[in-house]
Amino acid sequence: MNDDHVYMTLAEGHEDDSRWAYGTGFEDPLHGVDTAVPEGVDTGRLAADCVALADDALVSAQRLAEWTTRAPELEEEVALANIGLDLLGQARLLYARAGQVDGSGRGEDAYAYFRDAGDFRNVRLAELPGGDFAFSIVRLLVLSSWRLAHFEELSSHPDPVLAAIAAKGVKELTYHRQYAAEWAVRLGDGTQESHRRMRKALEQVAPYFGELFTAHDVRDEVVAVLRQVTEAGGLPMPVYRPLPGAGRAGEHTEHLAPLLAELQSVARAHPEATW
Amino acid sequence: MTTTHSAEAPPQERLQEHFDATIARDQRIEPRDWMPDGYRKTLVRQIAQHAHSEIIGMQPEGEWITRAPSLRRKAILFAKVQDEAGHGLYLYSAAETLGADRADLTERLIEGRQKYSSIFNYPTLSFADVGVIGWFVDGAAICNQVPLCRSSYGPYARAMVRICKEESFHQRQGYELLMTMMRGTEAQKAMVQDAVDRWWWPSLMMFGPPDGDSPNSAASMAWKIKRHTNDELRQRFVDMTVPQAEKLGVTLPDPELRWNDERGHHDFGTPDWSELKRVIGGDGPCNAQRTERRRSAHEEGAWVREAATAHAAKQADRARKGTAA
């Protein structure tokens, strides 16, 4: 390697564009994909489903980003960022698809930055404040188990774009669930302190389970995963206590608005700007 | 120390000769090779400092991941900060090949016994800082580090090859953000110029004190751990950055900056070395904040690391009982 090369050519053209992280290049993420919606698909429902799944992913990625520089070990720093980046990538593709089929022609940033809390359709579990590592692991376990089961179904959706996004997501979510399950077992089994924290986290998460199962029937699969993991970690299966309200209907906890205020602050301060 | 005690062990002088000859031939020293104590200590110090800089360096930019103004910029920044954690990991591993221990190095960092790059003690005040850090700070890091790809210590040199590739990529991403902002609104252009004004001098200080005042340089040069002096690298950085600033349309905040035909280099003003001393000595704008964040992450994560260790021990115990039964 020439000593100067990498810096001197900064302002010139480059041929190594494949090095841009996935989805961070300049092309529309769905560029070149046939975006026509097949006949018989309800576009209103398709767009709404895409937005809800994108909102879950974006809000979860935002919570995972909050771990940056705060993770218990460097390996976890890298892993949590990986998961956050995967979810952010899923959100971008899903927003792009929503914008194509809902007739608005909106881009991903219009959905992420210029809607208010009441317009978001994520489940409330995603927006709850970070908590400790045990809470983040339990939340990730529940959300990734549900999302994986749901994406497996969606990979045969009649809309080929959503099906492709889901198929790509399945590989990512398999890792997310694996990561969360391994840590759940480690923490459940590890020390008295980690066990105590895991029990508390399971109790905190339990009221928000039900919301995941209202529209999509993958409940049995998710419950089976949780049962297996809690057993392996010597933890009690949490008792489900439903809570009024529904994130999918835009009824959120008080935690979503501040999360969005932070996420949207720069974009909204400069609405005319391009970045 | 690595001196072996077997009967055939060559005497110290022979080992030293072999080491000197390896350095003279520009060949690599590898972890199992004999090396002088001073060489090992200098390397551990430098690699640890470098690893700490990667980890502390996640903080100033990491602050902006949750606020990045587009999803594409959010993904770029998130991935970049993640890369820095990865760089920290490779470098701690390189230090471990010299007998250092990551946990111990982390303790030294949070107790203030080992340093990290002075640049990360400055605050990031707007999103333009993300771009300017990519352009200047990653750029200066590349100037410093590309020659280290030829460092005499094998594991360090190999880690540097990978790190430099990723950093040159970060630098381009930063520069590209600034190009986009400079084509944008007046407010965006002003943000870029303001960030350039704040980061220029601290970036020049990243190369360390002037050569006459750099106590460790001579030995490092002789051992080929380091290949160029601080002032040489600083000059190179200035020469490369000036045309890039012109292309971008920003002004570098140095009235003495001009091309010198005779020298074939740019002349530039003298950084405020007393500021560098203050920042290195712990009195920069963000020293306390950066160390405190690292400390609290480490301390708050202790129960997680303890749980992982306890679980691994229990698993090993269960496996042993399982095989015994």
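Which semi-axis lengths, in whole Å and largest first, follow from the square roots of five times the eigenvalues of the Cα gyration tensor of segment B:82-221?
Numbers: eigenvalues 180, 57, 49 Å².
Semi-axes (√(5λ), whole Å): 30, 17, 16.
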(request) Would you calculate, for the protein assembly as shown, the mean residue ellipticity at 222 nm contributed by helices, counting each DSSP H stretch of 4 or more residues as -39,500 (n - 2.57) and dividing by all residues, to the nearest 500? (result) -20000 deg cm²/dmol
(message) Using each residue's phi in segment B:54-62, evaluate 6.51 cos²θ - 1.76 cosθ + 1.60 at θ = phi - 60° and report the 3J(HN,Hα) Karplus result to the nearest Hz, with x for Gly and Pro.
(response) 4, 6, 5, x, 5, 5, x, 7, x
(message) How compact is segment B:20-77 by the rule of thumb for globular proteins, expressed as Cα Rg over 2.2 N^0.38 Å?
(response) 1.88
(request) Provide the per-residue ³J(HN,Hα) series for segment A:129-142, in order, calculated from phi with Karplus coefficients 6.51, -1.76, 1.60 and θ = phi - 60°, each as a whole number of Hz, with x at glycine and proline positions. (result) x, x, x, 8, 4, 4, 4, 4, 5, 5, 4, 5, 4, 5
(message) Taking each residue in B:81-91, count the Cβ atoms of any other chain within 10 Å of its Cβ, then average. What number comes out?
(response) 4
(request) For B:Lys189, go through the lysines and keep the ones whose alpha-carbon is under 17 Å away, minus same-chain ones fewer than eight residues off. (result) B:Lys247
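Might you report the magnitude of the Cβ-based charge dipole of segment A:201-275 about its Cα centre, with Lys and Arg at +1 and Asp and Glu at -1, to the nearest 20 debye?
The dipole of segment A:201-275 has a size of about 40 debye.
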(request) Give me the distance between the Cα centres of segment A:84-109 and segment B:209-232, rounded to whole Å. (result) 51 Å
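Dipole size in debye (nearest 20) for segment A:108-230 around its Cα centre, Lys and Arg Cβ +1, Asp and Glu Cβ -1? Walk me through the intermediate numbers first.
Working: 15 positive and 18 negative charges, 94 e Å.
Value, rounded to 20: 460 debye.
Which of the peptides A:169-178, A:218-227 is most tightly packed, and how do the rest follow, judged by the mean count of other Cβ atoms within 10 Å per residue? It would help to have the intermediate numbers written out before the result.
Details: A:169-178: 18.6, A:218-227: 16.2.
Highest mean packing first, the order is A:169-178, A:218-227.
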(message) List the pairs from A:Lys171/B:Lys314; B:Lys226/B:Lys277; B:Lys74/B:Lys165 whose alpha-carbon separation is above 25 Å, in the order I gave them.
(response) A:Lys171/B:Lys314
(message) For B:His265, what residues show an amide H to amide H distance below 5 Å, using hydrogens built from the backbone and excluding near sequence neighbours?
(response) B:Asn260
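Relative contact order, percent, of chain A when contacts are C-alpha pairs under 8 Å separated by at least 6 residues?
For chain A, the relative contact order is 21 percent.
Among A:102-111, B:123-132, how do they line up by average Cβ neighbours within 10 Å per residue, starting with the highest?
B:123-132, A:102-111
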(request) Within a 10 angstrom radius of each residue's Cβ in A:154-166, how many Cβ atoms of other chains show up on average? Whole number is fine. (result) 0
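How long are the three semi-axes of the equivalent ellipsoid for segment B:71-145, computed from the Cα gyration tensor as the root of 5 times each eigenvalue, in whole Å, largest first? Mind showing how you got there, number by number?
On the way: eigenvalues 137, 45, 32 Å².
They are 26, 15, 13 Å, listed from largest to smallest.
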(request) Could you work out how far the C-alpha centroid of segment A:132-179 sits from that of segment B:30-85, in angstrom? (result) 30 Å
(message) Quick check on chain B: what does the Kirkwood estimate of hydrodynamic radius come out to from the alpha carbon pairs, in Å?
(response) 21.7 Å
(message) Rounding to the nearest 10 and keeping the result within 0 to 90°, find how far the Cα-based axis of helix A:192-205 lies from the longest principal axis of chain A.
(response) 70 degrees
(request) Take each of the peptides A:267-275, A:58-66, average the number of other beta-carbon atoms within 10 Å over its residues, and list them starting from the highest. (result) A:58-66, A:267-275
(message) Of B:Ala308, A:Phe120, B:Val81, which is farthest towards the positive pole of the protein assembly as shown's charge dipole, taken about the Cα centre with +1 and -1 on the beta-carbons of Lys, Arg and Asp, Glu respectively?
(response) B:Ala308
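Taking 10 °C and 1.306 mPa s as the conditions, I'd like the Stokes-Einstein D for the protein assembly as shown in µm²/s, using the Kirkwood hydrodynamic radius from alpha carbon pairs.
Numbers: Rh = 26.3 Å.
The calculation lands on 60 µm²/s.
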(message) For B:Tyr153, what residues show an amide H to amide H distance below 5 Å, using hydrogens built from the backbone and excluding near sequence neighbours?
(response) B:Ile29
(request) Please give the helix B:186-205 orientation as an angle from the longest Cα principal axis of chain B, in degrees from 0 to 90, rounded to the nearest 10. (result) 50 degrees
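At a threshold of 8 angstrom on Cα-Cα distance, excluding pairs fewer than six apart, so keeping six or more, what relative contact order does chain B reach in percent?
Working: 348 pairs, mean separation 57.2, N = 325.
This gives 18 percent for chain B.
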(request) Within 10 Å of each Cβ in peptide A:59-72, how many partner chain Cβ atoms are there on average? Round it to a whole number, please. (result) 6
(request) Please determine, in degrees from 0 to 90 and to the nearest 10, the orientation of helix A:160-189 with respect to the longest principal axis defined by the Cα atoms of chain A, where the helix direction is its Cα long axis. (result) 40 degrees
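Values in this text are rule-based calculations from the coordinates and carry no lab data. As the structure is a prediction and not an experimental result, all values here were calculated from the model. Note: ideal-geometry Cβ built from the backbone for every residue, glycine included; neighbour counts use all protein chains shown.
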